[in-house]
Amino acid sequence: MREDIEDHVAAGLRPTRPAPLRSVLRAIDADDWLALDVRVREESWYGSATQAQERTAAPLLLELTRLGLAQPAFDLCHRNGRVRERAVGRAWSYPGLLPLIVIRCGDWVEPVRERARDLLHEALDMDAAVDLAPLILRTGRRGRGAFGVGLLEEVLRRAPATGLTALLASPDRAVRRFAYRLAIGQRILRPAELARAAARDEDTVVQDLCSDAALIALKDNEAYDDVLGPLLNARSPRARSAGVTALRQAGRPELAVRFLADRSALVRACARYVMRQHGGDPTAWYRDRCAAPDAPGLPPGAVIGLAESGGRTDAGLLRPMLAHPAAGVRAHAVAGLRILDLVDAERMRPLLDDPAPCVVRETTLALLPSSRDVPLEWLLERTGPGRPRHVRLAAFRLLDARGGVEALRVAVELLDDGDAKLRTWAAQCVQRWRPSVDVPRGDPEVRLLLDRSRHLFSDHALRRLKWEAGVGG
């Protein structure tokens, strides 16, 4: 490892043409610079680096060698503070190493830290700020890292409004959050632009920031059309819920009706709130929709919505939907009965053989608290290899919830199953298994099963588990 670094250093001392600052920064990820800093310091202290550090820093190390920047980079990351201080003083000659100056701005040695901050203050223009933003924000989470974040904000505030455009579209989530906070604080985005950003961005923090700011910035009813449209049609439930809630302020509660059966529970709750605030009765709307369970086009969201807003007396509308031809309706009917605490294990048990995995998942979730009410032999039969995968998974989850010797026996048998997910779940079941009160102490089968799965335990953990089961140390 040390020989590799010495080779890189020797190559880095060869005369090469310095690369432009932006080309170097754009090609290298922020985490690579941080990994290089750790790798060089660990190499200096202990003579070796971890495999993760080597793997992360190696591409950057090769790039620095190619550009003739390896030795100055090593000096900036050196374990000796005096070496780092001298390297910072010479850093003007190596603009491609400005990312390491960002890291040194949080150095624990004050002279190094102060010289690096002076250099960064002089060198950080708008172009460099865009490229260095991910690294500055990452180092800003550390102690003494606030300087870089404050300087970045200062540079961006001085720049024209269009200067934030690149950061608003950054693939880095932290950068987008930072940029949108600045843009909202400076009011450089119109409400419609904020609404479109909330609908488009995949990060929930950005969605909340932009949707809230868009609704706060509304001043007239004419602007509502530009804001509500993107929000109400967004894929994100958080953005849609913000748009639905804004219907109350906009005085358009009638538009909330179509969201009563939304696929998101959050959006459904907001739609019910808007209707109630304007004197509507969402529960009556749900009951009307569910009164004819065989009617075509019944949205599954209406079924679960009835359970969310209704009461136990609505079970009579939900139970017939357990046989509905649409899988989504059947699944939501099971979920609705679970919400109302009206699960009938005998009645729901046949749904564990349903061809739709979504129905089986909801049925399993509903039956977990009463897993001992499901016949053991019936469950064991459904863990066999001839059953559909989702049925086997469901039966095993219920057996695991039952506990006892039977659960351990099935889990050990499935350790060699052809399905990777079942093997993983089986191993986890064995590792967390504990003898319940109905497991006789000293059961020889328990000893045999634990010995067969000894590869899943340390020697100490296996001895302790055997001691708990009374089958030896």
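The values are calculated or read from the model by the stated rules, or taken from the named source; none is laboratory data. What you see is a predicted model, and the numbers here were worked out from it, not measured in a lab. Using ideal geometry, Cβ is built from the backbone for each residue, glycine included, and neighbour counts are taken over all protein chains shown.
Below are the figures for this structure:
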quantity: Residues being outside any helix (DSSP H, G or I) and either β-branched (Val, Ile, Thr) or touching a strand residue (DSSP E or B) at 6+ places or on another chain (Cβ under 9 Å) (or both) - total across the stretch 379-411; calculated: 1
quantity: Subset tally (residues that are surrounded by 15 or more Cβ atoms within 10 Å (Cβ to Cβ) and part of a loop (DSSP other than H, G, I, E, B)) for the stretch 359-378; calculated: 1
quantity: Subset of the stretch 260-287 (residues that are of a type outside the set (S, T, N, Q) and touching a Leu at 6+ places or on another chain (Cβ under 8 Å)); calculated: Arg268, Ala271, Arg272, Val274, Met275, Pro282, Trp285, Tyr286, Arg287
quantity: Residue list for the stretch 109-127, filter: farther than 20 Å from Cys77 by Cβ and either modelled with pLDDT of 90 or more or part of a helix (DSSP H, G or I) (or both); calculated: His121, Glu122, Met126, Asp127
quantity: Subset of the stretch 155-207 that is within 24 Å of the chain's Cα centre (by Cα) and assigned to a loop (DSSP other than H, G, I, E, B) - its residue that is surrounded by the fewest Cβ atoms within 10 Å (Cβ to Cβ); calculated: Pro171
quantity: Where a residue in the stretch 78-106 is in contact (Cβ under 8 Å) with a residue 24 or more places away in the chain and outside any helix (DSSP H, G or I) and its partner, wherever it lies, is surrounded by 15 or more Cβ atoms within 10 Å (Cβ to Cβ) and among the aromatic types (Phe, Trp, Tyr), with Cβ under 7 Å and at least six apart; calculated: Cys105/Phe147
quantity: Boolean, Leu100 is crowded, with 24+ Cβ neighbours inside 10 Å and in contact with a helix residue (DSSP H, G or I) (Cβ under 9 Å, 6 or more places away or on another chain); calculated: yes
quantity: Test for Gly297: is it of a type outside the set (A, V, I, L, M) and more than 22 Å from Arg235 (Cα to Cα); calculated: no
quantity: Qualifying positions in the stretch 422-462 - assigned to a loop (DSSP other than H, G, I, E, B) and surrounded by fewer than 17 Cβ atoms within 10 Å (Cβ to Cβ); calculated: Arg434, Ser436, Val437, Asp438, Pro440, Arg441, Gly442, Asp443, Phe457, Ser458
